[in-house]
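Reviewing the structure listed below.
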Amino acid sequence: MDFLAYFGDVFTPINFGLLLIGTVGGLLLGATPGLSPTMAVALLIPFTFKLEPAQGLILLGAAYTSTVAGGAVSAILLKIPGAPANIATTLDGHTMAKKGQGARALQLSFLASAVGGVFGVFLLIFLTPVLAQWALAFGPSHLFWLAILGVTVIGTLDSSSVVKGLLSGCIGLWLATVGFDDIMGAQRFIFHDAVSGGINVIPALIGLFAIPQVIGMFANGRRSLDAEILTVEPHPISKAFGEVFSRLRALSIGTITGSIIGLIPGVGGQIAGLVAYDQSKKMSPERDKFGTGHSEGVIAAESANNAMVGPSLVPLLTLSIPGSPTAAVLLGGLLIHGIFPGSDLFDNHPDVAWTFINSMLIGQILMCIFGLYVAGLAARVAQVPNAVMAAVVLGLAVFGSYSVQHSMGDVYVMAALGTGMYFLERFGFSAAPLVLGLILGPIAEANFVQGSMIANATSSIGSYFFTGPLNLALIAIVVASIGYSVWLELRQRRHTAKDEAVAKKEAIS
Amino acid sequence: MTDLPRMQHIVASGLVAAVGVSVTYVSFTQEPAAAFLFPRIISTVFVVLALWTFGKALLGRTRVGNGLDLEAMINIAPGLVVSLIFVFWAAQSLGFYTASTIAFFVLLSLYDPAPHGELKSWIKRILITAGFLVVMYGLFAKLLSVFTPREIFF
Amino acid sequence: MKNLIASAATALTALAGGAMADDNYPERPIMLMVSYGAGGATDFQARIVTMTAGNEDALGMPIAIINKPGAGGRVGWNWFAGQAESDGYTLGAYNIPHFIAQSIEGGVSYSADSFEPIANWGADPAVFVVAADSEFNSMNDVVDYAAANPGKLTFSGAGLFVGHHIAALQLEKAAGVKLAYIPNNQGGAGAMKAVIAGEVLGGVNNLSDAFRAREAGNVKILGVFDLERNDFLPDVPTLMEQGFDIDNSSVNFRGVMVPKGTPQPIIDKLAEVVPTMFANGRVASKMKAGGSPMHIMTRDEVIEMWMAREAALKELLAGL
């Protein structure tokens, strides 16, 4: 119960002020396209130079939690996911916003984020030693199977056709191999200077999601559309509370999936949202409603991506190994004050460690309150006329992708992928599996290569990848996941066949 | 199913299949083999799925995706051309702020339903564009200190 | 006549412009490209050593860090050699021996001639680490195991043709054994995790990271790949002391450079100011707190060091 003893430290005027600045600033930074949580936290590092260690970490911890949630704002309102973590949120969240239910979507996402986030931080507080062992248990072979598990999700994710979903995923996996190969350094598929450094995920995300939407608005032409006459439904906060807690299945699937995946170094938050979305879709009796503005989709995705925040810091705080890029930046924030994470942190600087963790706990709640407060206002973005919206999103996409690496090549990649994606979407392909492929490709490949190098030196590839309880368990889940997709596809096919037959009969008679 | 969407599906899946075939060709002919192991596996699956989709499109059995109707294509064309000129040429040559302001104003004029004959609607467009410029400059140049290509102004 | 006036005017403006560019440089914030990800050792140190750039006695303008990670640094340096503007507002961080080794190995569009060094800020030797519960207690234990089990001693490092890999090659050559070097795609942090988790039997890693991991009680450090012991680890012997003929070729020197073609006056100004910026007391204390060894060198010293390294690496890599 050490953490209770240091609770008071969070509420000193300076600390609480920093917590507020971190939270509100984090939400704004997170909502800016192109600024991933990692970059937002890195941007804040210079400000911590002048602060006390604990104060600096309060700022960074609050900013980390709220940038992850802030990414949902642009995902819902503009269909630009702020980070890979928010991809799944666009699927149902943006659809809701287009229907005038932006306030509802934002409230659900903030509440679900807070529930997931608080749960994740509690895991960090109470189970850190156990979790640290669990985080270390994942070696190259396990991470490889985990990535394959992610790939199996591709087929059923947001696509009406399994084949086209898989094909979209393959395009993503291929795009991930463009550029220098991460281990050998060989050049692959560099057909233009812009991709010589590989395809950066953030600009790709912006392009794949935002640009098709811009072109879609062009397609409506000069008609004045529903946007102007759309009434943004006000949504009482109490109703949002009721809704989040009545969707317990999605909430718990999201929270648990997020915590478990967030813990695994190197895979982290990037895929937590998507996997949780897919799991709750598969387990929901209302799975057909997913993608049409269904509340379960938003709840699962957002509870997962904030639940991962706490556990993702476990390897850093206990073993001094940053498990995610953001954790690596936080490590820097600790090191400049001469504090080494690990046992040193909890033994010699408990005030810093626990104030940091507590600030993330309070930060989650502050973030939620602030988010709920502005949700109704922010949802009015949906009322912006189509023409203005298209131009604004285009501008944000260009500036956002440029600012990731100060690179014009990234802007070209963003625009090219986005334009291509618009046309592909018209023919049944979809962006979410493509992005998932883009994210998982390097994880699967690097771990496969490392695993087989270790295997060749010690035993054989067969025994390295196919024995051991964790490998077998993961393989079993992969097989189950594929089997379930096939079963769903077959069942759906039978249904459609029946429907078509019925329709034909009706047409004849 | 009418002929236009069917033709479109054939063209679209044909293009994807063409990409698949060339990717497969490249990955099986490039060296070092070790670095191309993973691309080879992916491209094989890629090409199989792409050819399957192409085959289905040829047979007219594609079930998802609505394709594009003529009206949508006509509506898209000017906006897409302006956007592509903006991204691939103007942003670098004129500077980000100049180019995005022009692009913003042109797109607004093209797609804003307000009548083109009225002075009032033009003033509104100019004001919105100016507001956009101020917000972008404040956010990216001042707050995040991103140094974008500037060429003419700022 | 008209033409003459026009050309004279052009010449004048060019002159004035040229002179102004030097006097007023820098007029706007400068960017420093780091070819490793945010939070890595190079990124972390780059952020510290540039934190006083905005001071009046330094450059008077802040330096912003831009990360271009990928393929052991190749992505960033390729961009820096080919696409970065040589106007003095685009600096790059170098890692020796990484980029020189990569340019010797081939497949990249840069070499030591593509860049102009400005100053060096740090030198981080590679060390050999094993998990805290490992049965190895000295480098001789490690080499004996490798001799008995050729090719079966797995050990991790940050990638191919980076400092860790050079150290690994030197160890193989000096001890005359065959080892299994496993490059990690997540840099030093990933390689360290592999050691602590027991995925590999040992690893080559940065001294600063290994020092921290030892403080946390996770690893033992068996040897330093340098000419002399390090101040942070006075109890750890060098490889030379343990009987292996290994010099400091793998020591990771970090510093600042600009692309070839940057105007000479700007290079001179940077070469004069940047080392004093590194020498700032606040920088030194933050670097020490983070466990990062500093080693400030001026432009002339760095040019010499680059040449020496290139010759040594060519010899080492020729045998491959």
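The values are calculated or read from the model by the stated rules, or taken from the named source; none is laboratory data. Everything numeric in this text was worked out from a predicted model, so none of it was measured. No Cβ is skipped: glycine too gets one built from the backbone with ideal geometry, and neighbour counts run over all protein chains shown.
Considering segment C:234-265 alone, what residues qualify as being surrounded by fewer than 20 Cβ atoms within 10 Å (Cβ to Cβ) and either part of a helix (DSSP H, G or I) or among the aliphatic types (A, V, I, L, M) (or both)?
Within segment C:234-265, C:MET240, C:GLN264, C:PRO265 meet the criteria.
Which of (1) part of a loop (DSSP other than H, G, I, E, B); (2) farther than 30 Å from A:SER452 by Cα; (3) more than 8 Å from every other protein chain (Cβ to nearest Cβ); (4) of a type outside the set (Lys, Arg) is the odd one out, the single condition B:ALA77 does not satisfy?
B:ALA77 satisfies all of (1) part of a loop (DSSP other than H, G, I, E, B); (2) farther than 30 Å from A:SER452 by Cα; (3) more than 8 Å from every other protein chain (Cβ to nearest Cβ); (4) of a type outside the set (Lys, Arg) except (1).
Hey, among the residues in segment C:48-69 that are in contact (Cβ under 8 Å) with a residue 24 or more places away in the chain and of a type in the set (Gly, Ala, Ser), which one's nearest to the other protein chains (Cβ to nearest Cβ)?
My answer is C:ALA64.
Could you list all residues from segment C:98-132 that are surrounded by fewer than 19 Cβ atoms within 10 Å (Cβ to Cβ), more than 11 Å from chain A (Cβ to nearest Cβ) and of a type in the set (Ser, Thr, Tyr)?
If the condition is that a residue be surrounded by fewer than 19 Cβ atoms within 10 Å (Cβ to Cβ), more than 11 Å from chain A (Cβ to nearest Cβ) and of a type in the set (Ser, Thr, Tyr), then C:SER111 is the only one that fits.
Do you know which residues across segment B:92-107 are within 18 Å of the chain's Cα centre (by Cα) and not aromatic (Phe, Trp, Tyr)?
Residues satisfying the conditions are B:GLN92, B:ALA99, B:SER100, B:ALA103, B:VAL106, B:LEU107.
Which residue pairs have Cβ atoms under 6 Å apart, sit 6 or more places apart or on different chains, and have a first residue in segment A:356-373 that is surrounded by 24 or more Cβ atoms within 10 Å (Cβ to Cβ) and a second that is assigned to a helix (DSSP H, G or I) and of a type in the set (S, T, N, Q)?
Hits for this filter: A:MET360/A:THR65; A:GLY363/A:THR23; A:GLY363/A:THR65; A:GLN364/A:THR65; A:MET367/A:THR23; A:MET367/A:SER66.
Scan A:SER403, A:SER459, A:SER452, A:SER407 and give me the residue that is away from chain B (no Cβ under 14 Å), out of contact with any Pro (no Cβ under 8 Å at 6 or more places or on another chain) and among the hydroxyl-bearing types (Ser, Thr, Tyr).
None of the others qualify; the one that does is A:SER459.
Examine segment B:17-40 for a residue that is facing chain A (nearest Cβ under 8 Å), in contact with a Leu (Cβ under 6 Å, 6 or more places away or on another chain) and assigned to a helix (DSSP H, G or I), and state whether such a residue exists.
no
Taking strands (runs of 3 or more DSSP E) that do not extend beyond segment C:157-230, which have at least 2 residues that are at the interface with another protein chain (Cβ under 9 Å from one of its Cβ atoms)?
C:180-183
Checking the condition more than 14 Å from every other protein chain (Cβ to nearest Cβ), free of Cβ contacts under 8 Å to residues at least 40 places away in the same chain, among the aliphatic types (A, V, I, L, M) and farther than 16 Å from A:TYR277 by Cβ, which residue from A:LEU146, A:LEU127, A:LEU123, A:LEU111 passes?
On the way: A:LEU146 fails: free of Cβ contacts under 8 Å to residues at least 40 places away in the same chain; A:LEU123 fails: free of Cβ contacts under 8 Å to residues at least 40 places away in the same chain; A:LEU111 fails: free of Cβ contacts under 8 Å to residues at least 40 places away in the same chain.
Sole residue among the options that is more than 14 Å from every other protein chain (Cβ to nearest Cβ), free of Cβ contacts under 8 Å to residues at least 40 places away in the same chain, among the aliphatic types (A, V, I, L, M) and farther than 16 Å from A:TYR277 by Cβ: A:LEU127.
When A:TYR6 is evaluated against the numbered criteria (1) within 14 Å of chain C (Cβ to nearest Cβ); (2) of a type in the set (Ser, Thr, Tyr); (3) surrounded by fewer than 24 Cβ atoms within 10 Å (Cβ to Cβ), which criterion, by number, is the only one it fails?
(1)
Give the residue that is nearest to the other protein chains (Cβ to nearest Cβ), with candidates limited to residues of segment B:92-108 that are small (Gly, Ala, Ser) and crowded, with 18+ Cβ neighbours inside 10 Å.
So in segment B:92-108, the residues small (Gly, Ala, Ser) come out as B:93, B:95, B:99-100, B:103.
Among the residues that remain, those that are also crowded, with 18+ Cβ neighbours inside 10 Å are: B:95, B:99-100, B:103.
Details: B:GLY95: 12, B:ALA99: 9, B:SER100: 5, B:ALA103: 7 Å.
Checked segment B:92-108; the qualifying residue nearest to the other protein chains (Cβ to nearest Cβ) is B:SER100.
Can we say C:GLY72 is closer than 20 Å to A:VAL404 by Cβ, facing another protein chain (nearest Cβ under 10 Å), at pLDDT below 90 and crowded, with 24+ Cβ neighbours inside 10 Å?
Numbers: closer than 20 Å to A:VAL404 by Cβ: no; facing another protein chain (nearest Cβ under 10 Å): yes; at pLDDT below 90: yes; crowded, with 24+ Cβ neighbours inside 10 Å: yes.
Taking the combined requirement at face value, the residue does not satisfy it.
Is it true that A:GLY17 is of a type in the set (Gly, Ala, Ser) and either crowded, with 24+ Cβ neighbours inside 10 Å or over 16 Å from A:GLY70 (Cβ atoms) (or both)?
Here the answer is yes, as A:GLY17 does meet what is asked.
Could you give me the residue pairs with C-beta distances under 6 Å whose first residue belongs to segment B:12-39 and is within 25 Å of A:LYS164 (Cα to Cα), whose second residue is among the hydroxyl-bearing types (Ser, Thr, Tyr) and surrounded by 14 or more Cβ atoms within 10 Å (Cβ to Cβ) wherever it lies, and which are 6+ apart or on separate chains?
If the second residue must be among the hydroxyl-bearing types (Ser, Thr, Tyr) and surrounded by 14 or more Cβ atoms within 10 Å (Cβ to Cβ), the pairs left are B:SER13/B:THR53; B:VAL23/B:SER43; B:THR24/B:SER43; B:SER27/B:SER43; B:PHE36/B:SER27; B:PRO39/A:THR177; B:PRO39/B:SER27.
How about segment C:28-45: which of its residues are over 20 Å from A:SER320 (Cα atoms) and either among the basic types (Lys, Arg) or more than 9 Å from chain A (Cβ to nearest Cβ) (or both)?
Selection gives C:ARG28, C:PRO29, C:ILE30, C:LEU32, C:VAL34, C:SER35.
Can you confirm whether segment B:52-64 contains a residue that is facing chain A (nearest Cβ under 9 Å), in contact with a His (Cβ under 6 Å, 6 or more places away or on another chain) and surrounded by 15 or more Cβ atoms within 10 Å (Cβ to Cβ)?
So far as segment B:52-64 goes, yes, one or more of its residues are facing chain A (nearest Cβ under 9 Å), in contact with a His (Cβ under 6 Å, 6 or more places away or on another chain) and surrounded by 15 or more Cβ atoms within 10 Å (Cβ to Cβ).
All but one of (1) in contact with a helix residue (DSSP H, G or I) (Cβ under 6 Å, 6 or more places away or on another chain); (2) over 19 Å from A:ALA210 (Cα atoms) hold for A:GLY17, so report the exception by its number.
(1)
Test C:ALA271 against the stated conditions and say whether it is touching a helix residue (DSSP H, G or I) at 6+ places or on another chain (Cβ under 7 Å), small (Gly, Ala, Ser) and part of a helix (DSSP H, G or I).
Working: touching a helix residue (DSSP H, G or I) at 6+ places or on another chain (Cβ under 7 Å): yes; small (Gly, Ala, Ser): yes; part of a helix (DSSP H, G or I): yes.
Spelling it out, C:ALA271 is indeed touching a helix residue (DSSP H, G or I) at 6+ places or on another chain (Cβ under 7 Å), small (Gly, Ala, Ser) and part of a helix (DSSP H, G or I).
Taking segment A:327-347, which residues are under 17 Å from A:GLY310 (Cα atoms) and part of a loop (DSSP other than H, G, I, E, B)?
Result: A:PRO341, A:GLY342.
Being closer than 21 Å to A:LEU366 by Cα and either buried (at least 24 other Cβ atoms within 10 Å of the Cβ) or not β-branched (Val, Ile, Thr) (or both) narrows it down to one of A:ALA97, A:ALA85, A:ALA42, so name that one.
It is A:ALA85.
Does segment B:116-128 contain at least one residue that is facing chain A (nearest Cβ under 7 Å), farther than 17 Å from A:VAL393 by Cβ and not in a helix (DSSP H, G or I)?
Scanning segment B:116-128, I find no residue that is facing chain A (nearest Cβ under 7 Å), farther than 17 Å from A:VAL393 by Cβ and not in a helix (DSSP H, G or I), so the answer is no.
Checking A:ALA382 against (1) modelled with pLDDT under 85; (2) crowded, with 23+ Cβ neighbours inside 10 Å; (3) within 10 Å of chain B (Cβ to nearest Cβ): exactly one of these is not met. Which one?
(3)
Quickly run through segment A:199-222 and pick out the residues that are out of contact with any Asp or Glu (no Cβ under 8 Å at 6 or more places or on another chain) and within 13 Å of chain B (Cβ to nearest Cβ).
Across segment A:199-222, the qualifying residues are A:ILE206, A:GLY207, A:ALA210, A:ILE211, A:GLN213, A:VAL214, A:ILE215, A:GLY216, A:MET217, A:PHE218, A:ALA219, A:ASN220.
Yes/no per residue for (1) at pLDDT 90 or above; (2) of a type in the set (Gly, Ala, Ser); (3) buried (at least 23 other Cβ atoms within 10 Å of the Cβ):
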| residue | (1), (2), (3) |
| --- | --- |
| C:PRO62 | no, no, no |
| C:ASN67 | no, no, yes |
| C:ASP87 | no, no, no |
| C:ILE96 | no, no, yes |
| C:ALA148 | yes, yes, no |
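Restricting the search to segment A:273-292, which residues are of a type in the set (A, V, I, L, M, F, W, C), more than 9 Å from A:ALA88 (Cα to Cα) and buried (at least 19 other Cβ atoms within 10 Å of the Cβ)?
If the condition is that a residue be of a type in the set (A, V, I, L, M, F, W, C), more than 9 Å from A:ALA88 (Cα to Cα) and buried (at least 19 other Cβ atoms within 10 Å of the Cβ), then A:PHE290 is the only one that fits.
Would you mind telling me which numbered condition in (1) more than 10 Å from every other protein chain (Cβ to nearest Cβ); (2) of a type outside the set (Ser, Thr, Tyr); (3) over 21 Å from A:SER403 (Cα atoms); (4) assigned to a helix (DSSP H, G or I) B:TRP89 fails?
With (1) more than 10 Å from every other protein chain (Cβ to nearest Cβ); (2) of a type outside the set (Ser, Thr, Tyr); (3) over 21 Å from A:SER403 (Cα atoms); (4) assigned to a helix (DSSP H, G or I) applied to B:TRP89, the lone miss is (3).
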